[in-house]
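Following: one structure in structure tokens, then a few remarks.
The values are calculated or read from the model by the stated rules, or taken from the named source; none is laboratory data. Note that the coordinates shown come from a computational prediction; the quantities given were computed from them, not determined experimentally. Methodologically, a virtual Cβ is constructed for each residue, glycine included, from the backbone with ideal geometry; neighbour enumeration extends over all protein chains shown. For the accessible areas, the whole protein counts, side chains as well, though only heavy atoms, and no ligand, DNA or RNA atoms are used. Shrake-Rupley method; radii C 1.70, N 1.55, O 1.52, S 1.80 Å.
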Amino acid sequence: MCGIMGYVGPQQAGPILIDGLRRLEYRGYDSAGIAVTNGVINVRKARGKIANLEDILSSDPVTGSIGIGHTRWATHGAPTDANAHPHTDPTGEFVVVHNGIIENYQSLREELASQGAKWSSETDSEVLAHLVAREYDGDLVAAVRRTVALSEGAYAMVVMTKREPGKIVAVRKISPLVVGLGDRETFLASDIPAVLHHTRDFIIIEDDELVIVTEDGAQVETIAGEPVDRDPIHITWDAERAEKGGYDHFMLKEIHEQPAVVTETLAGRLDEDGTVWLEDVAFDDDYARAIGRVWITACGTAYHAGLIGQEIFRRVLRLPANVEYAHELRYADPIVSEDELTIAISQSGETADTLAAARLASERGSRLMAITNVVGSTLSRYADDIFYTRAGPEISVASTKAYMAMLIAQYLLALRLGAARGTVEPKVAQDLARGLHRMPGMLEEVLRREESAIAAAEAVKDANDVYFIGRGLDFAIALEGSLKLKEISYVHSEAMPAGELKHGTLALITEGVPVVVIMTQRSVYDKTISAVQEVKARGGRIIAVAYDTDTEIEHHADIVLRIPDMDDLLAPVAAVVPLQLLAYHVARLRGHDIDQPRNLAKSVTVE
Ligand code: AGP
């Protein structure tokens, strides 16, 4: 995720901006830049680490006490010097940094190009600089307001112009923005840790608000122009905790980021009627119609996401789909043909086994699609089609928000293929689209119930073994819940289809053994209840994940983790969240290093 910095005050802005960007490095980035004004606006930017930017600044310094800075996590356009922020209008009088996505940037680009605009980058962000300049008639705030009215999406933007020195104007539309209040100096940042060593007093900018920053402080208004009277908050966290957004661990922060991740991953890609727009998917409808089978390949959590995709493709599209572990597929001498689409899923896009399996399928004639979180990753370079998940950098080794985005990617892909193949009824597409758009709110609701997961964690923390069961999509979620628990709590765990329990594992169910059962698939509900009864009869302890309206489960379960009612097909997206929280809180209660579990690496780049 991009990082934003701004400064207005008596000191030289350059070093303050660079220092703040460094403190935002944990968000991940692939280029960095600053713009400082002293009558003229000077921009310096570079691909790669902040050290590259510092090299440029040491030979070509900037002076001035007002400036904006940015670390970029590429979404539109590769990580290059040209695509790095800040971006200016052609006159160089207006400069912008931006975090998030301008969904209608293509049409804005075309409109501006027809008015003579020439582009210096491939980014959606550059459009904003051109728009602000075009809309300017002597009032920067009014120009920014008009720009916002024209720009769809979830973003934050920060604007400065040499025509109105001493002022920075910023807007928040979903992407975070905070103002730090100093003594005759004011800071702007996308996150508190960037400036916590300068001040502990912050104004948090809310969605659809605009802020005018000067050295005297900040004036907050709604985008519509209504004044906002907001008291500053005083931060008491230490710097390390602040970096984690106030959470104790990155994993918990990332779990709580999931509603926003769903919003970002859907942004500009899904209309209300179920029409899907995928910018980096190059295949046409003829190809989509000709696909005879889908292979999905991945490892670990990404493989579990693939299991959900397999089921969606089969159920929604009636299209044969198979998910294979990449480390198995690469040595399985796979039979793949030209009418088969291979989808490789990888958060990092650098997992050695996934790369090898993807390459093999591609060499054998399959079209290759990458679902990945990292723009420009090796996997994305191999692929014919790419779905970037926009989860933002995931720091915790245990994957949560990237998994969530992988699920959303596959729903969108199914809708895209379904439209081309004519196999999804308009009503079904519309219901799925509505369900997906409502999902961020549903996830917020699940996250508000964290206390139940904590209670379940108390019940599980001393267990030697925990079993996870479910049927169909619930089984795929059981696998992910079990993996999460294993990797950070070090409690032995196994997941299996609920119907498999009685074929062997039931022998291990004795008094008090925890069994987590996922109960979202209504068509097999009664069948799963039978497995629950088998466990209860042996004294096992049932922790169930169930819909709010499920009253039956209370007769069987010791603890129920509730999720709001929704379409069974979408339920995995919500049902995984209580399991992530369960794993997190068990690990916390056991006192483990949650973000860096023993023996594990974030990206497995060796075989
Ligand atoms: C998940 O919590 C893991 N740490 C791990 O299973 C991971 O999902 C797997 O190694 C694949 O990584 P990738 O998505 O970057 O390819």
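Given the criteria outside any helix (DSSP H, G or I), open to solvent by 10 Å² or more (accessible area, probe 1.4 Å) and away from the ligand (no atom under 13 Å from the Cβ), does residue 423 qualify? Yes, satisfied.
Considering the stretch 168-189, and only residues there that are charged (D, E, K, R) and over 21 Å from residue 224 (Cα atoms), the residue that is surrounded by the most Cβ atoms within 10 Å (Cβ to Cβ) turns out to be 185.
Residue check: residue 604 meets all listed conditions (1) in a strand (DSSP E or B); (2) within 16 Å of the ligand (Cβ to nearest atom); (3) farther than 19 Å from residue 454 by Cβ but one, namely (1). The listed residues are 463, 409, 405, 457, and the only one of them that is open to solvent by less than 10 Å² (accessible area, probe 1.4 Å), more than 16 Å from the ligand (Cβ to nearest atom) and at pLDDT 95 or above turns out to be 457.
Does the stretch 159-167 contain any residue that is of a type in the set (A, V, I, L, M), part of a strand (DSSP E or B) and crowded, with 24+ Cβ neighbours inside 10 Å? Yes; the residues of the stretch 159-167 include at least one that is of a type in the set (A, V, I, L, M), part of a strand (DSSP E or B) and crowded, with 24+ Cβ neighbours inside 10 Å.
Is it the case that some residue within the stretch 116-131 is touching a helix residue (DSSP H, G or I) at 6+ places or on another chain (Cβ under 9 Å), of a type in the set (Gly, Ala, Ser) and buried (at least 24 other Cβ atoms within 10 Å of the Cβ)?
Yes, the stretch 116-131 contains a residue that is touching a helix residue (DSSP H, G or I) at 6+ places or on another chain (Cβ under 9 Å), of a type in the set (Gly, Ala, Ser) and buried (at least 24 other Cβ atoms within 10 Å of the Cβ).
Screening 152, 240 for residues that are within 25 Å of the chain's Cα centre (by Cα), open to solvent by 70 Å² or more (accessible area, probe 1.4 Å), modelled with pLDDT under 95 and under 22 Å from residue 89 (Cα atoms) leaves exactly one candidate, 152.
When residue 596 is tested against the conditions (1) touching a helix residue (DSSP H, G or I) at 6+ places or on another chain (Cβ under 7 Å); (2) modelled with pLDDT under 95, the lone failure is (1). Residues of the stretch 103-135 being among the hydroxyl-bearing types (Ser, Thr, Tyr) and closer than 23 Å to residue 70 by Cα, which ones? Within the stretch 103-135, 105, 120, 121, 123, 125 meet the criteria. Considering only residues in the stretch 312-349 that are surrounded by fewer than 15 Cβ atoms within 10 Å (Cβ to Cβ) and of a type in the set (A, V, I, L, M), the one that is modelled with the highest pLDDT turns out to be 332.
Given the structure, is residue 267 under 18 Å from residue 411 (Cβ atoms) and of a type in the set (A, V, I, L, M)? Yes: the conditions hold for residue 267. Residues in the stretch 443-454 that are within 20 Å of the chain's Cα centre (by Cα) and open to solvent by 40 Å² or more (accessible area, probe 1.4 Å) were compared, and the one that is nearest to residue 512 (Cα to Cα) is 448. For residue 192, indicate whether it is of a type outside the set (S, T, N, Q), over 19 Å from residue 165 (Cα atoms), open to solvent by 10 Å² or more (accessible area, probe 1.4 Å) and in contact (Cβ under 8 Å) with a residue 40 or more places away in the chain. Yes: the conditions hold for residue 192. Of the residues in the stretch 501-523, none is within 16 Å of the ligand (Cβ to nearest atom) and either closer than 24 Å to residue 314 by Cβ or not hydrophobic (A, V, I, L, M, F, W, C) (or both). Counting only strands (runs of 3 or more DSSP E) that sit wholly inside the stretch 284-399, those with at least 3 residues that are in contact (Cβ under 8 Å) with a residue 12 or more places away in the chain and near the ligand (Cβ under 10 Å from one of its atoms) are 340-346. Where strands (runs of 3 or more DSSP E) fall entirely within the stretch 479-595, those with at least 3 residues that are open to solvent by less than 10 Å² (accessible area, probe 1.4 Å) are at 514-518, 541-547.
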